[in-house]
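Everything below concerns the one structure shown next.
What follows is calculated from the coordinates using simple rules that are stated; it is not laboratory data. Being a predicted model, the structure only gives us computed values, none of them experimental. So basically every Cβ, Gly included, is an ideal-geometry build from the backbone, and we count neighbours across all protein chains shown.
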Amino acid sequence: MNIIIIWGMPLIEDNAQTICAIEKVRTLKKLGHEVFLISPSVPLSLYKYNQLKLPVLLLCQIPLFIKLFLKVIREKPDILHSSSALILPSLIISRAFNIPHVVEVHGILSEDSKLVGVNKFVIKLMEICEFSSYRISKLILTNSEGTKDDLIHNKKISPQKISIIPNGANIELFKKMNVSKKVLGLDEQNKYIIFVGNLAPWQGLACLVDSMPTIIQNNSGVRLLIVGDGILKNELIQRVNELKLESVVDFKGSVPYEDIPKYINASDVCVAPFIKSRDNLMSPLKLFEYLSCEVPVVTSNIRGARELIENNSCGLLFNPDDCNELAESILKLLNDKKLRDEMGKRGRAAVVSGYSWESITKKIESEYLQLI
């Protein structure tokens, strides 16, 4: 097959969306397909939620339309695969050239935008774009039962055109390895909790920071690594200062993708403390990458995360937004190396057997073949 994948954001090295794009393209090519990846050529800074305004949206869409139009003329693709319901050029061109259109829906973007105060007029435009994309697309790929239910019951989309395909992990890159804490600038005597990802409102990082005083009170040799960047960074730093945790919480910022497994392997417990409103909408990339490194996780008891943890006994769940329970769960793992090792091994086995990018992409390939 000839496949054009249209990515809604500029491709940057340390972005989860970029990782998904590159892994899907890499694996589809490995399966023998011709795959072309197109993304906007505008500054990433324009994509910050607080700068999402009508001129910005238009600026991103127009050059993308031109690039896609020319690529379709040259390559005559069998499938147009859009990473977002907000990419209008792929919708227009799929209709004009009668090419099956596939769209990914990982949560409702217009709803996420409300969490960070995007202009109401822009949100309304986003809702119109999403509505159009859901109906024009021949196939909707989502990574969670919750998002599928939302599309069926709230957006009135036929369940027959929705397929659930979770995220995955690069099991060759994310694996157990011996890592010197000293090389990473970490104290070899300390135990480390790690969060990797976008510092966004739905990640539950305020609760994670607020859990640290309880953890430190029980074990003074524990440190928290926060790897990533995002709109909440300054707010989180301020909270850390208020709690006098400057020596306990280490903001590493964005690091090269290939270095992330090193930080995970240098850690004892990985965390993904999603807020309650994310219930039903998750198949978080970070969970698969954590577990692929054989490190156990503590994550919120929400759909998408719950099934993975309970079915494989590879971590602990806590009630979202409950900072005390989060602290208790982290301490339970920190204080029991045997439990950490057992859960880590089970987590790796689960990812290898069903959540490698190769197995995930084969499912996408199967869906493509039904459209042509």
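A few points about this structure:
- Size of charge dipole - segment 113-227 - debye, nearest 20, with Cβ of Lys, Arg +1 and Asp, Glu -1, no other charges: 300 debye
- Farthest toward positive dipole pole in the chain [+1 Lys/Arg, -1 Asp/Glu at C-beta], among 198, 158, 106: 158
- Degrees, to the nearest 10: 357-369 long Cα axis against longest axis of the chain: 20 degrees
- Counting other Cβ atoms within 10 Å as a rough exposure proxy, the listed residues 101, 81 run 101, 81 from fewest neighbours to most.
- Inter-part distance, segment 247-316 to segment 115-186, computed on C-alpha centroids, equals 17 Å.
- What the phi angles of segment 155-172 give under the Karplus curve with 6.51, -1.76 and 1.60, with θ = phi - 60°, is a coupling list of 9, 6, 8, 5, x, 5, 9, 10, 10, 8, 10, x, 6, x, 9, 7, 6, 7 Hz, glycine and proline written as x.
- For the residue pairs 138/276; 175/345; 276/345; 276/363; 148/362, the alpha carbons lie more than 22 Å apart in 138/276; 276/345; 276/363.
- Label-point separation in nm, residue 172 to residue 231, each point 7 Å along Cα→Cβ: 3.7 nm
- The helix-based estimate of mean residue ellipticity at 222 nm for the chain, built from -39,500 (n - 2.57) per DSSP H run of four or more residues and divided by its residue count, is -14000 deg cm²/dmol to the nearest 500.
- For residue 191, the residues whose modelled amide H falls within less than 5 Å of its own, excluding neighbours fewer than 5 places apart on the same chain, are 222, 223.
- Dipole size of segment 293-342 about its Cα centre, with +1 on Lys/Arg Cβ and -1 on Asp/Glu Cβ: approximately 100 debye, rounded to the nearest 20.
- Spacing of the modelled spin labels on residue 339 and residue 313, each 7 Å from Cα toward Cβ, amounts to 1.3 nm.
- Positive dipole terminus of segment 181-355, leading residue within 208, 352, 273 (C-beta point charges): 352
- Computed about the Cα centre, the dipole magnitude for segment 181-355 is approximately 280 debye when only Lys and Arg (+1) and Asp and Glu (-1) carry charge, each at its Cβ.
- log₁₀ of I(q)/I(0) at q = 0.06, 0.07 Å⁻¹ - the chain, Debye sum with one point per alpha carbon: -0.23, -0.31
- Virtual spin-label span in nm between residue 96 and residue 160, 7 Å along Cα→Cβ: 3.0 nm
- With Cα atoms, 0 to 90° folded angle of helix 323-334 axis to the chain main axis: 70 degrees
- Cα lying deepest toward the dipole's positive end in segment 228-358, options 237, 257, 247, charges on Cβ: 257
- The gain in end-to-end length when the residue 218 to residue 152 segment is fully stretched comes to 19.1 nm, 0.36 nm per residue minus the alpha carbon separation.
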